[in-house]
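The values are calculated or read from the model by the stated rules, or taken from the named source; none is laboratory data. Note that the coordinates shown come from a computational prediction; the quantities given were computed from them, not determined experimentally. Counting neighbours? That spans all protein chains shown, and the Cβs are built from the backbone with ideal geometry, glycine included.
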Amino acid sequence: MSKPPIHAFFLGRAIAEGIYEQLENDITNTLSGLGKFDAEQRENLRNFIDQVSEKADVQAKAGNNTGNSSIPLDLDYQPKDLQAIIDDLRYEVAQVREELKKYRNTSS
């Protein structure tokens with residue numbers, strides 16, 4: 001290669017390809033690490049859920065055997081929607097505020 005501009009072109013091209021390969025390897029390794037981390041976290045979550053389920057089963061069996069379950073089971077329980085729960089809580093807070101206001105007025 002006797003012409004410096006041609007040599008510079010191929011040198012720049014080789015540098016760009018090297019940077020591209022290094023960037024590709026770094027991105028691949030990062031994504032692989034994220035995938036591995038995600039898989040580990042999912043496995044940890046599964047193990048935790050299994051442990052909690054086993055513990056709950058053991059406690060339920062112990063409660064059923066003694067007949068003294070400290071948690072009442074309401075089989076007809078239907079969960080309310082979130083907005084209804086919030087409305088109920090606001091109503092209860094308003095009632096407590098009114099009672100507190102009455103108490104403050106009578107004690108002063």
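Screening the candidates GLU43, GLU24 for the property of being assigned to a helix (DSSP H, G or I) and at pLDDT below 95 yields one hit, GLU43. Taken over the stretch 91-108, the criterion of being surrounded by 10 or more Cβ atoms within 10 Å (Cβ to Cβ) and of a type in the set (Lys, Arg) is satisfied by ARG97, LYS101, LYS102. Only residues that are exposed (fewer than 10 other Cβ atoms within 10 Å of the Cβ) and at pLDDT 90 or above were counted in the stretch 50-89, giving 0.
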